[in-house]
Amino acid sequence: MSDSPSRRYWDANVFIAALSAEQGRVEKLRPVLKAAERGETEILTSVVTLTEVVNPRRSHTPLGEELDRTIDAFFRHDFIIVVPLGESMARRAREFCREYGLKPLDAIHLATAIMADAERLETFDQRLLDVQRNDIVVHEPCWDGNIPMDFE
């Protein structure tokens, strides 16, 4: 293993699955989160994710203070790197909207992952999963390293 951790980018829907313990998905995330805690990988995401996770089912129910605190605490982990959105990234995202027919937020995630030098973009979104590029691998979250025996 190299000295530096791998860099993976998580789309907002991956964080939503983790925060809500979404059955069928959270099981895929636990090994990645454990590896991140051990310093084997870094998880990058756009600053827009901090807002996207608030309304996972697009309900009109206001965010409760307890959920707000949970979200803030989760994103304060050292292994999660929140990437700011700049003008060049927004322009690149606009290109991806045209090129791949992506929604603006999905295009922001793709542009951020590429410009932040992530090795892979992990998502459950089929539109992003359909994107094929030479500069980044797009797939569902998984851990391809060793899982320690004490993993639950």
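Throughout, read-outs are computed from the coordinates displayed, never taken from laboratory work. Here the structure is a predicted model, which is why all the values come from computation and not from measurement. Here Cβ is always computed from backbone atoms with ideal geometry, including for glycine, and neighbour counts include all displayed protein chains.
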Point to revise | Rg/Rg_globular for segment 6-139, with Rg_globular taken as 2.2 N^0.38 Å and Rg from C-alpha atoms | key: 1.02
**Study point:** Backbone N under 19 Å from the residue 97 label point (7 Å along Cα→Cβ), restricted to segment 114-128
**Key:** 114-115, 127-128
Study note, to complete from the structure: Answer in debye to the nearest 20: the dipole magnitude of segment 8-51 about its Cα centre, from +1 Lys/Arg and -1 Asp/Glu charges placed on Cβ, is 100
Review point. With +1 on each Lys and Arg Cβ and -1 on each Asp and Glu Cβ, how big is the dipole of the chain about its Cα centre, in debye rounded to the nearest 20?
Key: 480
Point to revise | Sequence-distant residues sharing a close amide H with residue 41 (under 5 Å, placed H) | key: 6, 36
Practice item. Compute the Cα gyration tensor for segment 72-126, then decide on rounded, prolate or oblate, letting a ≥ b ≥ c be the square roots of its eigenvalues: rounded whenever a/c is under 1.5, prolate when a/b is larger than b/c in the other cases, and oblate in all that remain. Key: prolate
Review point. Using 1/(1 + (r/R0)^6) with R0 = 35 angstrom and r between the beta carbons of residue 67 and residue 134, what's the FRET efficiency to the nearest 0.05?
Key: 0.35
